[in-house]
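Single-structure report; data block below.
The values are calculated or read from the model by the stated rules, or taken from the named source; none is laboratory data. Since the model is a prediction, treat every value here as computed from it, not as a measurement. Backbone-built Cβ (ideal geometry, glycine too); neighbour counts: all protein chains shown. The area values use the complete protein model at the heavy-atom level, side chains included, leaving out ligands, DNA and RNA. Shrake-Rupley method; radii C 1.70, N 1.55, O 1.52, S 1.80 Å.
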Amino acid sequence: MLKTNALPTVPRWAVLAAHAVPLAVLPSGLWRLALVAGLPVTLDAGDAMTGPGACLYVVSLSVVSELLAFLTLGLVRAWGEVFPRWLPFLGGRRVNPTAATATALAGVAGLCAVAGWGAYAAYAGLGPGIPASPAQDALLVACYAPLLAWPPLLAAVAVAYHRRRTGRGQ
């Protein structure tokens, strides 16, 4: 059986949803890292990453996305209720449930805005597009489609966190 470090009062579905978020974000990050490494994920993979600035941006985007996804686990673990002691200024203090929930829901809104803009840009033909073969297009879709699960999973876990921490909805 899967062992998690979730709090015993957290519903099992919320624990599974929180653990699914970093897994949903991982394929797109791996696709971007493959692009930087020059693997044939596009027709012009070698030309796509011109200069160290572009490579640094793409790698940083992948790392930051995954770190933000891992923050979802805080909504089901102890460090989402009391800040870890090693954090300067905040260590050992209780996490304000309203602030944590508002931050998570702001993240949901931001993710929805990015997804909406991406859909609009693709539909309107904005940007140069990514030249790719049908197989490369399928790989791109397979790697980026799981990102669509991030906002609803995060929203569900955030609402469950808020209800559990504030005693509402029980």
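Listing for the model above:
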{"quantity": "Degrees between helix 97-124 axis and first principal axis of the chain (Cα, 0 to 90, nearest 10)", "calculated": "20"}
{"quantity": "Binned Cα-Cα distance frequencies in the stretch 85-170 - 5 Å width, integer %", "calculated": "3, 12, 14, 16, 14, 12, 9, 7, 7, 5, 1"}
{"quantity": "Placed amide H near residue 132: partners under 5 Å, 5+ positions off or other chain", "calculated": "43"}
{"quantity": "Potential extension, residue 9-residue 149 segment - 0.36 nm per residue separation minus Cα distance", "calculated": "48.0 nm"}
{"quantity": "Gaussian network model of the chain, springs between alpha carbon atoms under 10 Å - residue of 56, 111, 140 with greatest fluctuation", "calculated": "56"}
{"quantity": "Degrees, to the nearest 10: 134-144 long Cα axis against longest axis of the chain", "calculated": "20"}
{"quantity": "With Cα atoms, 0 to 90° folded angle of helix 52-70 axis to the chain main axis", "calculated": "30"}
{"quantity": "The stretch 97-170 and the stretch 51-85: distance between their alpha carbon centers, rounded to Å", "calculated": "15"}
{"quantity": "Solvent-accessible area, 1.4 Å probe, carbon plus sulfur percent, for the chain", "calculated": "72"}
{"quantity": "Spin-label pair residue 70/residue 96, simplified geometry with 7 Å Cα→Cβ offset, distance in nm", "calculated": "2.6"}
{"quantity": "Amide H contacts of residue 82 (H built 1.01 Å from N, under 5 Å, at least 5 apart or other chain)", "calculated": "95"}
{"quantity": "Estimated FRET transfer efficiency when R0 is 25 angstrom, pair residue 166-residue 55 (beta carbons, to 0.05)", "calculated": "0.05"}
{"quantity": "For the stretch 2-141, accessible area per residue (1.4 Å probe, heavy atoms of protein chains only), Å²", "calculated": "61"}
